[in-house]
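*Asks:* Sharing a structure, written as structure tokens. Questions coming.
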Amino acid sequence: MKPLPRKHLIAVAALLTLVAAAPPPAPKGPKKQVTVTGEILDMGCFISRGLRDELHRECATKCLAMGVPMGLLGADSTVYILTQNHDRAMEPSAFQPPDPFAQCKGWAAKQVAVTGFVWERKGYKEIEVKTARLAPAPSPKVP
């Protein structure tokens, strides 16, 4: 069997590059809102140092106020990046206060129930925050 000519190899490599760079297909059907309950994180300290919980609350509150990305650690240990609702971000005056995304920034290290659309791309999960409320702390596990 003869090897492929160089121009064919280049064409195959270009095609594979395009396929790998192509965005994932759009989700089928309408997206459903979900509610995820978990701990509000500042992603900077959580990713780089594993910091969370009440001991880290003061630092996390400062970090979130300064614009560090915010996350939610779900009960199943899934970490979601929290983003502001797109429509609210584009036209904030069309919405009544309070802004649930902004509220979450003040709830660092607390248990919060966040409702919104969940999106996933390239391994990252994100919740576009529609509503948020404080939630009861999880029950301690008994051995």
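*Asks:* If you go through segment 90-97 one residue at a time, do you hit one that is closer than 11 Å to residue 40 by Cα and hydrophobic (A, V, I, L, M, F, W, C)?
*Replies:* No; the residues of segment 90-97 include none that is closer than 11 Å to residue 40 by Cα and hydrophobic (A, V, I, L, M, F, W, C).
*Asks:* Just checking, which of 28, 32 is at pLDDT below 95, among the basic types (Lys, Arg), in contact with a Phe, Trp or Tyr (Cβ under 9 Å, 6 or more places away or on another chain) and open to solvent by 80 Å² or more (accessible area, probe 1.4 Å)?
*Replies:* Step by step, each of 28, 32 is checked, and only 32 is at pLDDT below 95, among the basic types (Lys, Arg), in contact with a Phe, Trp or Tyr (Cβ under 9 Å, 6 or more places away or on another chain) and open to solvent by 80 Å² or more (accessible area, probe 1.4 Å).
*Asks:* Would you confirm, using the coordinates I've provided, whether residue 89 is in contact (Cβ under 8 Å) with a residue 60 or more places away in the chain and either over 18 Å from residue 38 (Cβ atoms) or in contact with a Ser or Thr (Cβ under 7 Å, 6 or more places away or on another chain) (or both)?
*Replies:* No.
*Asks:* Between residues in segment 128-143 that are at pLDDT 90 or above and residues that are of a type in the set (Gly, Ala, Ser), which pairs lie under 6 Å by C-beta distance while being six or more apart or on different chains?
*Replies:* From segment 128-143, the pairs are 128/116; 129/116; 130/116; 133/113; 135/113.
*Asks:* Mind checking whether some residue in segment 124-132 is more than 18 Å from residue 33 (Cα to Cα) and either aromatic (Phe, Trp, Tyr) or open to solvent by 30 Å² or more (accessible area, probe 1.4 Å) (or both)?
*Replies:* no
*Asks:* Here's a follow-up. Could you list, in sequence order, the residues of segment 62-104 that are of a type in the set (Lys, Arg) and either within 20 Å of residue 122 (Cα to Cα) or open to solvent by 80 Å² or more (accessible area, probe 1.4 Å) (or both)?
*Replies:* 62
*Asks:* Would you confirm whether or not segment 105-112 contains a residue that is under 15 Å from the mean Cα position of the chain (by Cα), modelled with pLDDT of 95 or more and open to solvent by 30 Å² or more (accessible area, probe 1.4 Å)?
*Replies:* yes
The values are calculated or read from the model by the stated rules, or taken from the named source; none is laboratory data. Predicted model, so just to flag it, every value in this text is computed and none were measured. With ideal geometry, Cβ positions are generated from the backbone for all residues, glycine too; neighbour counts draw on all protein chains shown. Ligands, DNA and RNA are excluded from the accessible area calculation, which covers all protein heavy atoms including side chains. Shrake-Rupley method; radii C 1.70, N 1.55, O 1.52, S 1.80 Å.
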